[in-house]
Amino acid sequence: MLVMLKNENGREEEVEMPDDSYLEVGDILENGSVIMSIRYPDDIEDDLIAMGFVEPDDEDYI
């Protein structure tokens, strides 16, 4: 997933984070950067299956 960060010096940058990370807007990372926004891939269904949130055999599958 792509995450927009704001560094301690005020500069913004977009970085790639592992897909299995649990992150929310407003979280502060170890280096002091704050998460400003999170962009998920267009094909999020595969990620949800890989992370165990849904099963492809579920009736409520996306």
Identity of the residue in region 21-62, surrounded by 10 or more Cβ atoms within 10 Å (Cβ to Cβ), part of a loop (DSSP other than H, G, I, E, B) and of a type in the set (S, T, N, Q), that ends up modelled with the highest pLDDT: S33
Cβ-Cβ under 7 Å pairs, at least 6 apart or on other chains, region 1-20 side closer than 15 Å to R39 by Cα and exposed (fewer than 14 other Cβ atoms within 10 Å of the Cβ), far side polar (S, T, N, Q) and modelled with pLDDT of 90 or more: E13/N7
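The values are calculated or read from the model by the stated rules, or taken from the named source; none is laboratory data. Just so we're clear, the structure is a prediction, and the values are computed from it rather than from any experiment. With ideal geometry, Cβ positions are generated from the backbone for all residues, glycine too; neighbour counts draw on all protein chains shown.
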